[in-house]
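Report on the structure given below.
The values are calculated or read from the model by the stated rules, or taken from the named source; none is laboratory data. Note that the structure is predicted; figures quoted are calculated from it, not measured. Here Cβ is always computed from backbone atoms with ideal geometry, including for glycine, and neighbour counts include all displayed protein chains. These accessible areas exclude ligands, DNA and RNA; they are computed on the full protein's heavy atoms, side chains included. Shrake-Rupley method; radii C 1.70, N 1.55, O 1.52, S 1.80 Å.
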Amino acid sequence: MTTTLPLPATTDVVMPQLASWGRRVVAALLDSAVLGAVAWFAVGDEVAAPSLQPTFDSAGPDATLPWTSSGVLVGAWLALLVLQGLTGQTPGRRVLGIEVVRAPVDGPVGGPPGVVRSVLRWCAHLLDAIVFIGYLRPLWHAERRTVADSIVGTVVAHRPPAPRGDRGAVVATVTAWVVVVVGLAFGVTVGESTGVDRRGSSTCELGEQTPGAPVRVLDVVLVRETEWTRMTRLWPWVDGERRTDRERLSLEASWELTEDADPDGFLLVRTTAGGASVDNEVVLGHGWVSFPVERAGTGAVDVDVRLDDRSLTSCTAPQPVTG
């Protein structure tokens, strides 16, 4: 009697054609431009744009709010993750012809990763962000995986060409191109300009000054200013009226020295507002100083100009009236 033994089951997993690291980087940059355009349209430059490749770097100046403070940006970020989970692609990946697919170690490779896996992959990218080593890992890894890919079981591969006559694929590709072009036009910052607009001022009526002092205070002025920042994008004429304004209250003081004054000495200008006092030192030889007044509220600001621990003069400055 002849016994036929079953052939051993193969555990080989056939990998699709993997995407190059450069193609992945370009796709990520395109997706970042798309989210940057959403941020600009929704909230201007006051809120940082989200990213599908999180990092630990600062996303903007200190005054910029995090993207999680905007429901619109959170929704846009989540929409791209859902799109990636359901189709394996984002607009940037569609344009570059690559996709994220499932690649478990003990199962078939292919198919979209799913929404949950897509969100978990974003979270795992925080490990890739540590000194960027994880994002560089596809350069030497045999399967071109980031740390996040290895954790959640995904790879980034070339998407097979759509069958001829597939109108749905054509519409999806054209839509992705339109979204990416708009993202590049409105979401990429190529320059920045800043300035300060003076909106109003009030003069602090100086009291009697210490006779014989080597410094004579000329004037003290409280100024209401608007500090603005305007970002320039690839589509330059859209930035004409889009700028970030920040109100600030500043104090300006000027003085002159006698022949007995030491120009390397220090003058102290003490401001008291909102129940708190702040000391600002400046070199005598400068002859002028300007600094912000914190926590002033709407009340008056008391000013005391001092030299060598003695008061030269003092005054109270009312809040400027803006026109």
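Quick notes on this structure:
- Sparse-neighbour loop sites [trypsin sites (Lys or Arg not before Pro); the stretch 128-190; at most 11 other C-beta within 10 Å; DSSP]: Arg164
- Identified option (computed Cα extents along the principal axes in Å; candidates (i) 63, 47, 37; (ii) 50, 46, 40; (iii) 125, 42, 32): (iii)
- Counting protein heavy atoms only, the stretch 14-147 has 68 percent of its accessible area on carbon and sulfur, 1.4 angstrom probe.
- Longest segment of the chain lacking GluC sites (Glu not before Pro) that sit in a DSSP loop with at most 11 other Cβ atoms within 10 Å: 1-204
- Note on Ile130: accessible area is roughly 90 Å² with a 1.4 Å probe, heavy atoms of protein only.
- Counting only protein heavy atoms and a 1.4 Å probe, the chain has 55 square angstrom of accessible area per residue.
- Short-range pairs are left out: with C-alpha atoms under 8 Å and at least six residues apart, the relative contact order of the chain is 15 percent.
- Counting only alpha carbon atoms, the long axis of helix 71-87 and the longest principal axis of the chain meet at about 20°.
- GNM result for the chain, Cα springs below 10 Å: residue of Arg233, Arg23, Arg270 fluctuating most strongly: Arg270
- In the chain, the longest principal axis of the Cα atoms and the axis of helix 21-43 are about 50 degrees apart.
- Of Trp228, Trp177, Trp140, the residue with the greatest mean-square motion in the GNM of the chain, using alpha carbon springs below 10 Å, is Trp140.
- Axis of helix 115-128 versus longest Cα principal axis of the chain: the two differ by about 60°, to the nearest ten degrees.
- Shape class of the stretch 30-173 from the Cα gyration tensor (axes a ≥ b ≥ c, square roots of the eigenvalues): oblate, since a/c reaches 1.5 or more and a/b does not exceed b/c.
- Whole-percent carbon and sulfur share, accessible surface of the stretch 205-323, 1.4 Å: 48 percent
- For the stretch 29-57 versus the stretch 73-107, the spacing of their alpha-carbon centroids is 17 Å.
- Free-standing Cys, the chain [no other Cys Cβ under 4.7 Å]: Cys123
- Taking a Cβ cut-off of under 13 Å around Thr173, the surrounding Lys, Arg, Asp and Glu residues balance to a net charge of +2, with basic ones at +1 and acidic ones at -1.
- Among Leu78, Leu307, Leu136, the largest mean-square fluctuation in a Gaussian network model of the chain (Cα springs under 10 Å) belongs to Leu307.
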